[in-house]
Structure formats: C-alpha cells, structure tokens
Amino acid sequence: MQTNNNSTETPTPSGISRRTVVKGAAWAVPAIAVAGAVPAMAASVLPCLAFTLGGASCKWPGSGESWSYDISVEICNTCPTPITVRITQITSNSGAILTPCEAGYLGTDIVVPGNQCVTTPAQAFTSTNSANFISFWGSVNGGAVMQLTPQTGNDAIPSPTQDCTSTNPCVGATTTTTTAAAATTTTTTTAEVTTTTTTAAEVTTTTTTAA
C-alpha cells in the first residue's frame, strides 16, 4: 500500500521587481481618517500591488518654490486579474497633505492589467514643508479609501530627489492692476453754495495667477 504524500502549493506571484509591497496587515497609523472598513475583496488584492515613483518624478526644493514636487507613480500588479486603483491623496511623513497645482491622475481610476505595471504622467503638488517620504491614499476596486503605502519604515516611498528643470506651476505670479483712477467733479450751484461730488474712487485689484 502506498501513501500519497503529494501536496499542492500555491505559487507566489512574481516576476516584477518592486520596492514597496502593500501588505494588508502592516499599515502605519493613518494620519487622516479612513472612510470605513476595508472590504474583503479589496483587502484580498492588496498584496498584489506595488507602488514606486515613476522616473519623471522630481522636486522644486525650498520655501521659495513652495516645497513643490512633480510626482509620477508606477503601480505594478503581480496578480493575473486587472485591478483598479484610485489615488485620492498624497501625504508627507510629517502628516502634511500635498495639494495638487494642476489636473492629473489624482481622483481618477487607474486600471492596472494583470502581471503588468502602469506609470502615470507626472502631476505637480505643493506642500507646507519638505518631505523625506510620501504616502499614497486611495481605493482599490471601488472600495473604501485607505492608506495604500506606509508612511515610514523600510517600505516607505522616499520623496523625489532629483531637481525639476521645468517651470514650477505651483508658484504664483502676482499682478496689480488699477481699474479706475480718482475723478472729482466740483460744481458751484450758487454764489454761496458749493457741492463736491466724487464720481469714481481709486480701485486697485490684485490678482494671483499661476506662473
């Protein structure tokens, strides 16, 4: 009589080099409120996702540049089925929220095919201070908003290190325009009565536009 010792192992998805693997049980303490519990279906695909910065990512350093970044994100799916990711917010390791200065991938659905990577175009963001690491927040397959990448630790994503060479859209240019000059009309109605009427006061409008 023979004993069948054969067993079946489920292979681990591989083949894509990644720096940051999203692990369902290893989240950092959220810096913002998480909107509801993570659906079981969303949690089941989180180990399939890897987030890194795209090669176009760069920085405009310093307060004079509003601590701005041009951030491209590469999302790799190590599982065979497509996954839809929506990034809704980016935060720094200090907890500051990066504010978008232009339209881009933030808030849009990014479909990542099975066993493939998708890289977004860069989108400009500004912050209230500098950052050593950044964290992505968003939803997976239409689930609740959650922290997609850790804020600190070995798997945290470093902020862009190379300097941008393009113009920073986050820095505004201030233009001052005078819309009306002061005009005063004096009318004498009788020899002893004088009436003074101001027809327009000086009005100055200051408008800030993106550079």
(message) Against the condition over 18 Å from I134 (Cα atoms), out of contact with any strand residue (DSSP E or B) (no Cβ under 7 Å at 6 or more places or on another chain) and either surrounded by fewer than 20 Cβ atoms within 10 Å (Cβ to Cβ) or modelled with pLDDT under 90 (or both), how does A25 come out, does it pass?
(response) yes
Restricted to the stretch 88-102 and to residues being touching a strand residue (DSSP E or B) at 6+ places or on another chain (Cβ under 8 Å), open to solvent by 40 Å² or more (accessible area, probe 1.4 Å) and not in a strand (DSSP E or B), the residue modelled with the lowest pLDDT is N93
- Task: Report yes if S130 is open to solvent by 60 Å² or more (accessible area, probe 1.4 Å) and small (G, A, S), otherwise no.
- Result: yes
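Kindly evaluate P113 against the criterion of being over 18 Å from the mean Cα position of the chain (by Cα) and at pLDDT 95 or above.
Working: over 18 Å from the mean Cα position of the chain (by Cα): yes; at pLDDT 95 or above: yes.
Yes; evaluated as a whole, the condition is true for this residue.
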Looking at this structure, is I110 outside any loop (DSSP other than H, G, I, E, B), among the hydrophobic types (A, V, I, L, M, F, W, C) and surrounded by 21 or more Cβ atoms within 10 Å (Cβ to Cβ)? no
Flagged in the stretch 158-170 as more than 15 Å from the chain's Cα centre (by Cα) and closer than 9 Å to C101 by Cβ, in numbering order, are N168
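The values are calculated or read from the model by the stated rules, or taken from the named source; none is laboratory data. None of these values were measured; they are calculated from a predicted model. When we count neighbours, we look across all protein chains shown, and the Cβ atoms used for this are built from the backbone with ideal geometry, even at glycine. Quick note on the areas: whole protein, heavy atoms, side chains included, nothing else; ligands and nucleic acids left out. Shrake-Rupley method; radii C 1.70, N 1.55, O 1.52, S 1.80 Å.
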